[in-house]
1. If I model a spin label as a point 7 Å beyond the Cα along the Cα-Cβ vector, how far apart are those points for THR40 and ARG5 in nm?
2. For the chain, what is the accessible area per residue in Å² when the probe is 1.4 Å?
3. Rounded, prolate or oblate: which fits segment 46-95 when a ≥ b ≥ c are the square roots of the eigenvalues of the alpha-carbon gyration tensor, with rounded for a/c under 1.5 and prolate only if a/b beats b/c?
4. Within the chain, report the GluC sites (Glu not before Pro) that DSSP leaves as loop and that have at most 16 other Cβ atoms within 10 Å.
5. Over the chain, what is the relative contact order in percent, taking alpha-carbon pairs closer than 8 angstrom and at least six residues apart?
6. Give me the extension gain from ARG32 to SER17: residue separation times 0.36 nm, minus the current Cα-Cα distance, reported in nm with one decimal.
7. Within segment 21-95, list the trypsin sites (Lys or Arg not before Pro) lying in a DSSP loop whose Cβ has at most 16 other Cβ atoms in a 10 Å radius.
8. Using alpha carbons only, how many degrees (0 to 90, rounded to 10) separate the axis of helix 80-90 from the longest principal axis of the chain?
Amino acid sequence: MHELRGEEEPSLEAILSRLAPADIVIVEGYKREAHKKIETRRLDAKDRTPLSANDPNIVAVAADSPLEGESLPVFDLDDITSIADFVERTCGLAG
């Protein structure tokens, strides 16, 4: 944890370089960076514009309501087990 106190937010690459080697790092935010990500969609979100149509790094969607016509895998936002299994497979960690 580091307080910025007026400093610019570091890039995701800068943050990852500070971490010890790891099999997987889960981040929230940095949605404009080029890394694999799961888009979350909520009915009560201020902006419900899907990001996946313009971001090839989005590999799945987790939503709080059914989605029709989505070409990516879609998970219920609360289905943690299925999302975790998908992350393991996608990252090549499933044994």
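The values are calculated or read from the model by the stated rules, or taken from the named source; none is laboratory data. These figures come from a predicted structure and were not determined experimentally. Neighbour counts run over all protein chains shown; Cβ positions are idealised from the backbone, glycine included. The accessibility values were calculated without ligands, DNA or RNA, using every heavy atom of the protein model including side chains. Shrake-Rupley method; radii C 1.70, N 1.55, O 1.52, S 1.80 Å.
1. Spacing of the two 7 Å Cα→Cβ label points: 3.0 nm.
2. On the way: 7650 Å² over 95 residues.
Value returned for the chain: 81 Å² of accessible area per residue.
3. Note, shape of segment 46-95 comes out oblate.
4. Numbers: sites: GLU3, GLU7, GLU8, GLU13, GLU28, GLU33, GLU39, GLU68, GLU70, GLU88; in loops: GLU3, GLU7, GLU8, GLU28, GLU33, GLU68, GLU70.
Taking the chain and a limit of 16 other Cβ atoms within 10 Å, the loop GluC sites (Glu not before Pro) found are GLU3, GLU7, GLU8, GLU28, GLU33, GLU68, GLU70.
5. 19 percent
6. Details: separation 15, 0.36 × 15 = 5.40 nm, distance 1.84 nm.
Extending this stretch completely gives an extra 3.6 nm.
7. LYS31, ARG32, LYS36, ARG42, LYS46, ARG48
8. With both axes taken from Cα atoms, the answer is about 70 degrees.
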